[in-house]
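Report on the following structure.
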Amino acid sequence: MNMKKTQQENGMDMDAEESEISDSESEGGAVEAEDVEQLKTELSTAKAEAADTYDRLLRLSAEFENYKKRVQRQMEDHKKYANEDLIKDLLSVVDNLERALNAAGEKQKDETGACMAEGVEMTLNEIVKILKNHNVTPIEARGKPFDPTYHEAVMQEESDDYPENTVISEFQKGYMLHDRLIRPAMVTVAKQKTA
């Protein structure tokens, strides 16, 4: 009988263990479902963060490319216009040499004056050639319509020979460096005669 009791107790113990196992399995199933949901949530959060990080990376990469292009343009502009101040200073020398030639042409009487005028002209031509090599070009003003972008009107003169707002004469030449105005031309502008 003892054996029967022991078997019965063992049977009861086995039933209790099996029920505990099935209870833990059902709890484990619930726990696993919660874990799966939590993992799905973490995965979708990680994907959203990765997409956000990738988007920021693309934007930063585009900004960096724009920065490189902007710096490249600035360097090219700096190289292109680096001599601007020196050229502006040289323009006054050109003006003085042109004035000297005009004055010598009016008073040229002897051979010494002619030689001096020739030397001044050679010097002027050499400087103009150097300026041209550095992309400095004079602005053609005489006979052209007045343009305040390139011309500075010093005075107006009544004229029948020129239409209104046309440049009659220039006191000082204007110059461009590449596509930039470095000095406007100082000009006289035509106006209609008053009756």
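The values are calculated or read from the model by the stated rules, or taken from the named source; none is laboratory data. These numbers come from a predicted model, not from an experiment. Don't worry about glycine lacking a Cβ; one is built from the backbone with ideal geometry, like all the others, and counts go over all protein chains shown.
Some points to look at:
Each row is one residue, and each column tells you yes or no for (1) in contact with a helix residue (DSSP H, G or I) (Cβ under 9 Å, 6 or more places away or on another chain); (2) under 22 Å from L97 (Cβ atoms); (3) assigned by TED's automatic domain parsing to the domain that holds V93.
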| position | (1), (2), (3) |
| --- | --- |
| K129 | no, yes, yes |
| A141 | no, yes, no |
| F146 | no, no, no |
| E157 | no, no, no |
| I168 | no, no, no |
| R180 | yes, no, no |
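- Scope segment 130-160; condition outside any loop (DSSP other than H, G, I, E, B) and over 31 Å from the mean Cα position of the chain (by Cα); matching residues: P145, A153, V154, M155, Q156, E157, E158
- Residues located in segment 71-117, provided they are assigned to a helix (DSSP H, G or I) and within 21 Å of the chain's Cα centre (by Cα): V71, Q72, R73, Q74, M75, E76, D77, H78, K79, K80, Y81, E84
- Close pairs (6 angstrom Cβ cut-off, 6 or more residues apart or separate chains): under 16 Å from L86 (Cβ atoms) in segment 126-146, part of a helix (DSSP H, G or I) anywhere: I127/V94; V136/I87
- Selection count where residues are surrounded by fewer than 16 Cβ atoms within 10 Å (Cβ to Cβ) and under 39 Å from the mean Cα position of the chain (by Cα), scope segment 177-195: 4
- With respect to (1) out of contact with any helix residue (DSSP H, G or I) (no Cβ under 8 Å at 6 or more places or on another chain); (2) more than 22 Å from L90 (Cβ to Cβ), the lone exception for G113 is condition (1).
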